[in-house]
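Each value in this text was obtained by applying a stated rule to the coordinates, not by laboratory testing. In this text, all values refer to a predicted model and were calculated from it rather than measured experimentally. FYI the Cβ positions are ideal-geometry reconstructions off the backbone, even for glycines, and counts take in every protein chain you see.
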């Protein structure tokens, strides 16, 4: 029996086939093992990279929320800026109002400087839609309803506990 130019039963053909198989089988096994190990390493590196990026994002978000909490405590009624605002609103002396206004603006600038990623901060009086002590310029067509809501407080809970 003859395949192509070489007869199958000759010693030369058998040696060529055995040499080819001895060379191709180890090379193909080595290539397969190398491919699978490289694929595993890359998959693990990609997974670790994604996991590390998520951890960094989580830490950054936690820091940002912590800074926002600190700033909101400063601006609240119990905070130093909030108490000065309350003094401003209850003061009858024009001189005291001017002095307190300057102190509030300085404190808001300090809070903004120590927390630069907070963005726009201001006091908003809902009854007359008045904005005071903003750290950045507010557009004329500003509407509080257009801003995204981070959290809603349940007024019923505060009414019951107050």
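When the chain is treated as a GNM with alpha-carbon contacts under 10 Å, the residue of 56, 44, 83 showing the greatest mean-square fluctuation is 44.
Relative contact order, whole percent, for region 59-136 stands at 23, derived from Cα pairs under 8 Å and 6 or more residues apart. The residues 33, 149, when put in order of fewest to most other Cβ atoms within 10 Å, stand as 149, 33. For the residues 13, 100, 57, a GNM of the chain with alpha-carbon springs under 10 Å puts the largest fluctuation on 13. Here the average projected area of the convex hull drawn through the C-alpha atoms of region 13-74 stands at 3.8 nm².
Between 0 and 90 degrees, the angle of helix 11-75 with respect to the longest Cα principal axis of the chain falls at about 0 degrees. Computed on the chain, with alpha-carbon pairs under 8 angstrom and 6+ residues apart, the relative contact order is 10 percent.
Once the Cβ-Cβ distance of residue 125 and residue 55 is raised to the sixth power relative to R0 = 35 Å, the FRET efficiency obtained is 0.25. Computed from Cα positions, the angle between helix 94-114 and the longest principal axis of the chain comes to roughly 10 degrees. According to the Cα-based calculation, Rg over Rh for region 35-143 is 1.30, with Rh computed by the Kirkwood formula.
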